[in-house]
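Here's the structure we're looking at; comments come further down.
Taken together, the values in this text are just the output of simple stated rules run on the coordinates, not laboratory data. Here the structure is a predicted model, which means the values were calculated and not measured. Cβ placement follows ideal geometry from the backbone for every residue including glycine, while neighbour counts extend to all protein chains displayed.
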Amino acid sequence: MKNSAIRHRVLWFAGAVIALTICFLLSRYIFFALHGNTQWAIILLIASLVALSIAAIFDGRKMMICTVIGYMVGFALGLTFGVEGVDPGGGATNNWWQI
């Protein structure tokens, strides 16, 4: 593989990681009052980083773009379509994280 091809993959990966990090920081800290969940944003970040790493290995630029966009779109859809309820024990629930 040529040096320029490797450099191109690394730049795409770095750009996607930076964009994903910005999305994570927004959803974890700025929009925290909307969802109140700390752990799920980190779990999604780790899964997204794994997907980005695999995409970088196989030169999957479209997968990198879709991963970053999907992180924030999934967050927005969860907030939009999430339903609040009460479990049988009386605790508050919300299904936004499942979406």
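Estimated from helices alone, the mean residue ellipticity of the chain at 222 nm is -22500 deg cm²/dmol (sum of -39500 (n - 2.57) over DSSP H runs with n ≥ 4, per residue).
Placing unit charges on each Cβ (+1 for Lys and Arg, -1 for Asp and Glu) gives the chain a dipole about its Cα centre, and among Ala55, Gly70, Ile22 the Cα reaching farthest toward its positive end belongs to Ala55.
Taking the Cα centre of the chain as reference, the dipole from Cβ charges on Lys and Arg (+1) and Asp and Glu (-1) amounts to some 620 debye. Dividing the mean sequence gap of close Cα pairs (under 8 Å, 6+ apart) by how many residues the chain holds gives a relative contact order of 25 percent. When the Cα atoms of region 3-94 are aligned to their principal axes, the ranges along those axes come out at 60, 23, 19 Å in descending order. Within the chain, the trypsin sites (Lys or Arg not before Pro) that combine a DSSP coil assignment with at most 16 other C-beta atoms in a 10 angstrom radius are Lys2.
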